[in-house]
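*Asks:* Shown below is the structure under consideration.
Bear in mind that the values in this text are calculations on the coordinates, not laboratory data. As the structure is a prediction and not an experimental result, all values here were calculated from the model. We place every Cβ from the backbone using ideal geometry, glycine too, and count neighbours over all the protein chains shown.
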There are 4 protein chains.
Amino acid sequence: MSDARTTNTKGKQVAVVIGATSKWQSDGRNTRLAHGRALDDSSLPVGVRWGIGGAIAQKFAQEGFFVVLTTRAAPNAAGLAAAIREQGGGCAIVELDLSSQDSIRNAFATIRRDAGDPEVVIYNAGYLEGRDLPPDQELLEYIPVEMFDTAHHIASRGPFLVAKEVLPAMRKRGTGSFFFSNNSKSLRGRKRMTGESLYYPRVMMRALAQVLTEEYSEHGVHVANIVIDGTIDSPGTRALPKIRQNPDLVMNPVKIAEAFHYLHTQDRCCWTHELQLTPFSTRPSY
Amino acid sequence: MSDARTTNTKGKQVAVVIGATSKWQSDGRNTRLAHGRALDDSSLPVGVRWGIGGAIAQKFAQEGFFVVLTTRAAPNAAGLAAAIREQGGGCAIVELDLSSQDSIRNAFATIRRDAGDPEVVIYNAGYLEGRDLPPDQELLEYIPVEMFDTAHHIASRGPFLVAKEVLPAMRKRGTGSFFFSNNSKSLRGRKRMTGESLYYPRVMMRALAQVLTEEYSEHGVHVANIVIDGTIDSPGTRALPKIRQNPDLVMNPVKIAEAFHYLHTQDRCCWTHELQLTPFSTRPSY
Amino acid sequence: MSDARTTNTKGKQVAVVIGATSKWQSDGRNTRLAHGRALDDSSLPVGVRWGIGGAIAQKFAQEGFFVVLTTRAAPNAAGLAAAIREQGGGCAIVELDLSSQDSIRNAFATIRRDAGDPEVVIYNAGYLEGRDLPPDQELLEYIPVEMFDTAHHIASRGPFLVAKEVLPAMRKRGTGSFFFSNNSKSLRGRKRMTGESLYYPRVMMRALAQVLTEEYSEHGVHVANIVIDGTIDSPGTRALPKIRQNPDLVMNPVKIAEAFHYLHTQDRCCWTHELQLTPFSTRPSY
Amino acid sequence: MSDARTTNTKGKQVAVVIGATSKWQSDGRNTRLAHGRALDDSSLPVGVRWGIGGAIAQKFAQEGFFVVLTTRAAPNAAGLAAAIREQGGGCAIVELDLSSQDSIRNAFATIRRDAGDPEVVIYNAGYLEGRDLPPDQELLEYIPVEMFDTAHHIASRGPFLVAKEVLPAMRKRGTGSFFFSNNSKSLRGRKRMTGESLYYPRVMMRALAQVLTEEYSEHGVHVANIVIDGTIDSPGTRALPKIRQNPDLVMNPVKIAEAFHYLHTQDRCCWTHELQLTPFSTRPSY
C-alpha cells in the first residue's frame, strides 16, 4: 500500500472501492476519446469529478470509513485521495489489475494487512471496449476475441475472484456489504449500438450478485446489484452536446453514492438486493 | 373529515396512508382469525402495533407531514391517531371504502378540502379473502366469484380510481410521491397454497405502478411499487408459533416505513421505481 | 346452440374458440374505425379473413375437432362458420358476452349439452377500448372508468369465469388444453400511446395463466399464455399504410394457428407454458 | 473430418450438433460418477441412448439433414453415428474442444470444407464441474478458479466463438437457425446446491442468445434459447433411484428433439426466441 495514512485506520471500518477512478474524469480515457483532450474540472463540484467511484469513496469517508481506492495505476486516484483527505477523511490507494488473479490476491493481502478486513466492498470497475467500433461493425461477428476477454475479466471473472477474497471473512464475522455497481445492460442481452461498449457480459455480474444473495444473506452478508440506469455527471459527460442540451438526463454521482450508503445502512430485516436508479426524465430500463 | 385537528395543517405537507390500520393489529380481523380473540399489545413498541400502515403514518408524521389515515371504519384507526398525536404529530382519519367509487371520490374531496392536496399517497390496502379456504379447496375452481371481485376492488380497481384522484394535481404541481405497498405475490402468478389469500390480482397493482412510472415520471411524480417480501411484525403475527420459534423471519414495520420515507427523499435524478425488502434469513422472491 | 350440425359431433373432440371473430375482419369494428367502411375480402386467402380466432378455428377443424365459435352476436361468425364447413369441418356458433357471468354460464351449459366437454379451450377475446382517445389524453387520468371496467371484463374477470367453467372437467379427465391468446402488453405495464387500447389489464390474463399452470399441470391440463408480438394479417390491417409499405411487419394468422396446434400436440413430458411469436423483422418485446 | 460419407452430402442441408454425445450415455462421465460403472443400454430405445444431443442428431438426420456430430473424442460419438446410419441418415464426426479457439476454428473449417456451410447449428455442450463438491463446500468461496474457467469456456466463451464462426454465412445467405440447448439455471443466479454443477455461467449463454436475436433476426437468422427444465431420460438418469420411483419426472429426449425441429420449421413471420420445456409433473422454473 502506497500510503502511510493506513496506520491511522485503527478504530475505523474499512470500505474498499474497486475502480475508484472514472474513465470520464478530467483526464480519463473516455474523456480523451470523446473530447480529444483532457478537460479542466476545477470549476466542478468535487463530488462529481471522479464519477461514481469517486463519489462513493468520498461518501463513505465522510461517514467515517477508512476507504481503500483501487485502480490500475495509482496516479489516476491521486486527486481523489487528496480530495478525501482535504475533507478530513482517511484513505489509501492500492493498485489492482482485475485481469490478473495474482494482482487481485496481492491487493487484498495488502488491504487486509495494512487497513484491515473490509466491512464494505463496492465493485465499480468498468471498461469501454467496443465503444470505438464503427457503425458497420455493430454485429457480434465483428467483436474481436480480445475485446470479449477484457469484458469477461472486468464483468465476470474479476467479480468472482474478488468474491472469493472478501466473502469468507464477512461470512465468519456475520456482517458486511458487497455491492456491485452495474448498468442497465446487465438486465438482459441487447443489440450493441454504435458507440456502446460490449456490455452483455454485465449480465454475469448481476447473476453473480443473485447467486451470492441466495448463498450469503443467511450468513449476515448483504449483497446487492445496483443498476445505474442513465448517464452519470462527470467532467467528460457534462461536456457532451446531448447533456449540455438536456441536463435533466444526467445523474448526480453524489446522489448515487447516497443510495449505496443507504443500502449499507438498511436493517438486515429489510434488505434490498437490487436497486435501480433512473433519472425522472427517462423511462426505466428492464 | 372527523377531526378538527385538520385546521392545524397550515404549513404542513399532506401524506395520505390508504389502509392505515392492520388486519394483524391487536383487534384486527387476521388476529381474531388466527388467535380466536383480540390480543393485548400494551407491551409492544408503538411502532409495530398497527403494521406497515401504522408505521408509515407515524414515520411521515415524525418527519413533519400532516398524515391522513384512511380506513373503512374510523374506530379502527383511533388508537393509531392517538399515538401519532402523543408523539407530537398531526393527523386525521377519513373513512374510505375502496370497493365504492363514490366513497373514494368523497374521501379525496374531503382530504383536499380539509387537509390540502396530498404530496405523498401510499396505497397500503390489503385483504384476506381466500385465507380460510380449506386444504381441499386450493385450486382456482373453488374460489367464489365474490372473493375474486373483492380482491379486484382492493388490488386493481381501487388503485386505478385513487390514481385518477391524486395524479392530476401532482402532475400540474410537478411534484409528488405515489407508492404502492405490495407483496411478493405481485411478481407473477403462483399457486395459492392453503391459508394464503387470493393474491394474484396484486400483479395488477404492480402493472399499474409500471404504467404510471412510464407516464408520470417526466411530469415530476415519483411512482414506486414496494415489494414487502416477508412477514411483518405486529401484535397478531408476533404471537404466531412459527414466528415465536424464529423471530429472524419477521420484518420490523418501523424499518419498512423508513424505506418508504427514503424513497420519498430520493433526488429525482436517481429515482427507484421498485423496491423489494427481504429479511436476511430468507431468499428473495422473484 | 344455433346450429343443428352439433348432432354431428359424435366421435369428434371439441375445441372452443372464445372470440372467434376479428375486429379487423372485413366488417369488423377496427376495420370500420381505421378505414371508415367495410372492406372487400374476397381476394384474400380464407385463412386470414377472420384474424387469429378464425385461423385457429379453421386449423382445429382441419385437424378433426368439432369447433365451437363464440361471439357476442352470431352473425359476426356466420362467414367463418360457412368457410369451415366448405373445408369439410364441423362447427357451431354460440353467443357469449364476457361481461356477463350468466352469459358465460349459459354458453358453457349449451356447449357441454350440445357439443360435449371441451378438450381444447382457446381464449382469444379482445377489446379496443382506448384506441380512439386523442393525443392529449394519453395519460391514465383520462381513461374513463367504464373503459377500465370493459378491459377488466375481457382481460381478467372473463378468463377467471371461463376457467371455473372448463377446468373441473379437464382436471377430472386428466387431459385438456387451455390457451390464452395474448399480446406483448401482457408482459409488463407500459405507457399507453395514442391509438393504443388500454392493455395493461392483459397482465392479469398472463398472471392467471401462470397460476393455472402451477395449479393444473400436475392434473394433466396444459395451460399456456401465447404472446402474439406483432400486427396480425387480416382484411383491416393489410390495408393500413404502414403494412402496405412493409409487409414483413405482418404475422400470418395461419402460422399463428399452427403454433397453437403445435402446443396442443406437445407430449406432456415437455410442455411449454408461454410461447412468444415475433416477426423476424422486429425485436422481441419483453 | 473422419468420415468418407461426407462426400454424400450433396443436396443435403447441414445441421451441426455441438456436443452430440451425453455425459449420461451408457459409458458417460456422469453415468460412471453416479453408478460407479458403465451401464448396458441395449434394451433402451435408440432415441434416448445419447441424451438430447443424440436425439437431436437423429431427428435432423431423419428429416433429411446431413448431421455433423462434434465431440471432444470421436469414439464417444461412434455408437450414435452408427445408429444414424442404420436409420438411413447421413452424418460425420468432427472433434472439437470448446476451450480452444484453434480447435473451434479448425473444426468449422473442416465442416465447411467437407460438409458445407451449416443451415442449422445447435449448441448442446454441457459440463459437470461442481457436481462432486461435498455438502460443506456449497458456497461460491469453495469453487476452484479452474472450475469457473471451464464453465466459462463451455457456457460463455465457446458460444461466442462458435457464433463468430457460423453467423456471417447465415447472415449473408439470409437463412439459418442457431439454437442453444440450455437449462433452467440460465434464467437467473441461484444458490448452488450439493450435487449441482456450477451453472450460473449459463445465464451468459442465454444473454448471448438475446443479443444475437436482436442483432441477426432482421438478417433472416433464427436464434433461440431452449430451456430444458427437468431431468432428461438417458441410460444414466433412468437408473437413478428418484427417477425409478417417479418416471413422470423424466423428459423424453425424442420429444425435446421434436421441439428443436419445430422451432426450425417456424415461418419467419412467427419466430419464437425462447422455448421452455417442462414436464407436466413439475412447476416451471423462472
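*Asks:* Let's test the formula: R0 of 35 Å, r as the Cβ-Cβ distance of A:A109 and D:S99. What FRET efficiency results, to the nearest 0.05?
*Replies:* 0.75
*Asks:* Can you give the log10 of the normalised intensity I(q)/I(0) at q = 0.22 Å⁻¹, computed with Debye over equal Cα scatterers of region B:29-92?
*Replies:* -0.93
*Asks:* Further, regarding this structure: If region D:41-194 were replaced by its equivalent ellipsoid, with semi-axes equal to the square roots of 5 times the Cα gyration tensor eigenvalues, what would those be, largest first, whole Å?
*Replies:* Equivalent ellipsoid semi-axes, largest first: 29, 21, 14 Å.
*Asks:* Place the peptides B:101-111, D:195-205, C:202-212, D:132-142 in order of packing, highest mean first, counting for every residue the other Cβ atoms within 10 Å and averaging per peptide.
*Replies:* C:202-212, D:195-205, B:101-111, D:132-142
*Asks:* So what's chain C giving for Rg/Rh, alpha carbon basis, Kirkwood Rh from the mean inverse pair distance?
*Replies:* Rounded to two decimals, Rg over Rh is 0.94.
*Asks:* Would you list, by chain and number, the aspartates and glutamates whose Cα falls below 18 Å from the Cα of D:K59, excluding same-chain residues fewer than 8 positions away?
*Replies:* Those aspartates and glutamates meeting the cut-off are C:D267, D:E86, D:E119, D:D233, D:E258.
*Asks:* How far is D:G220 from the same spot in each other copy, in nm, shortest first, if each label point sits 7 Å from Cα toward Cβ?
*Replies:* Distances between equivalent label points, in nm: 4.6, 5.4, 6.3.
*Asks:* Under the rule a/c < 1.5 gives rounded, and otherwise a/b versus b/c splits prolate from oblate, where does the protein assembly as shown land using the Cα gyration tensor?
*Replies:* Note, shape of the protein assembly as shown comes out oblate.
*Asks:* Over 21 Å between Cα atoms: which of C:K255/D:K185; B:K12/B:K164; A:K12/A:K172; A:K164/D:K23 fall into that group?
*Replies:* As for pairs spanning more than 21 Å Cα to Cα, those are C:K255/D:K185; B:K12/B:K164; A:K164/D:K23.
*Asks:* Please list, in chain and number order, the residues 5+ apart from D:V121 or on another chain whose amide H is under 5 Å from its amide H, with Hs placed from the backbone.
*Replies:* D:V16, D:S177, D:F178, D:F179
*Asks:* A further question on this structure: Between A:D149 and A:D248, what is 0.36 nm times their sequence separation minus the Cα-Cα distance? Round to one decimal in nm.
*Replies:* 32.1 nm
*Asks:* Also, quick follow-up: For the rotation taking chain D to chain B, which residue of D has the Cβ nearest the axis, and how many Å away is it?
*Replies:* Whole-Å result, nearest residue of chain D to the axis: D:Y286, 4.
*Asks:* Could you derive backbone 3J(HN,Hα) for region A:15-20 from the dihedral phi with the Karplus parameters 6.51, -1.76 and 1.60 (θ = phi - 60°), listing whole Hz in sequence and x where the residue is Gly or Pro?
*Replies:* Those phi angles translate into 10, 10, 10, 8, x, 7 Hz.
*Asks:* Average partner chain C-beta neighbours within 10 Å, per residue of B:242-251?
*Replies:* 1
*Asks:* 222 nm [θ] for chain A, helices only, -39500 (n - 2.57) per DSSP H run of 4+, per residue, to 500?
*Replies:* -10500 deg cm²/dmol
*Asks:* From the label point of C:S100, set 7 Å from Cα along Cα→Cβ, how far away are the matching label points in the other copies, in nm, ordered shortest to longest?
*Replies:* For C:S100, the other copies' label points sit at 2.9, 7.5, 8.0 nm, shortest first.
*Asks:* If I take R0 = 60 Å and measure r between the Cβ atoms of C:A38 and B:R32 in this structure, what FRET efficiency does the formula 1/(1 + (r/R0)^6) give, to the nearest 0.05?
*Replies:* 0.45
*Asks:* Which distance in Å, rounded to a whole number, links the C-alpha centroids of region B:108-159 and region D:231-252?
*Replies:* Region B:108-159 and region D:231-252 have Cα centres spaced 45 Å from each other.
*Asks:* Further question on the same structure: If you take each beta carbon of peptide C:187-199 and count the beta carbons of other chains within 10 angstrom, what is the mean?
*Replies:* Mean inter-chain Cβ contacts per residue within 10 Å come to 4.
*Asks:* Further, regarding this structure: If each label sits 7 angstrom from Cα along the C-beta direction, how far apart, in nm, is C:D149 from its counterparts in the other copies?
*Replies:* 1.2, 6.7, 6.8
*Asks:* What average number of partner chain Cβ atoms lie no more than 10 Å from the Cβ of the residues making up D:160-167?
*Replies:* The mean count of partner-chain Cβ atoms within 10 Å per residue comes to 3.
*Asks:* Once you place label points 7 Å from the Cα toward the Cβ at C:K172 and A:D267, how far apart are they in nm?
*Replies:* Label at C:K172, label at A:D267, 5.2 nm between them.
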